[in-house]
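Working notes, beginning with the structure itself.
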Amino acid sequence: ILSPAPPPSPIRSLGYRAAMIRLRDETASTSYSPPLQLPSASRREDRPETEASMSKEAWARATDASDLVDGEVISLRTTVLGQISEIRELQAADRSRQTVISELL
């Protein structure tokens, strides 16, 4: 034995999509959600200044690091040039000793 169809309800007659919209609206009206908090105007105004300050600090650190590296390169170049000069002097002294030794033999 089949039972008779249930009486039409307002939700069923609206269709699935409409029922979900209605259910969502009813739920939203009974539940509380805190309002979205936007950043204050003063914070928004400070942000570019903070970013600019951070950018300046990063630029200063990068410049300092670059200057330090440049100084090290110059120092190493000076050391290498000094060693090249010393090597040439030692080679000249070695040649003169070789000449003296060959003359003695």
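The values are calculated or read from the model by the stated rules, or taken from the named source; none is laboratory data. Model, not experiment: these values are computed from the prediction. Cβ placement follows ideal geometry from the backbone for every residue including glycine, while neighbour counts extend to all protein chains displayed.
Of Ile11, Ile84, which residue is aliphatic (A, V, I, L, M), in a helix (DSSP H, G or I) and at pLDDT 90 or above?
Working: Ile11 fails: at pLDDT 90 or above.
Only one candidate qualifies: Ile84.
A single entry from Ser102, Ser75, Ser66 fulfils the requirement of being loosely packed, with under 10 Cβ neighbours inside 10 Å and at pLDDT 90 or above: Ser102.
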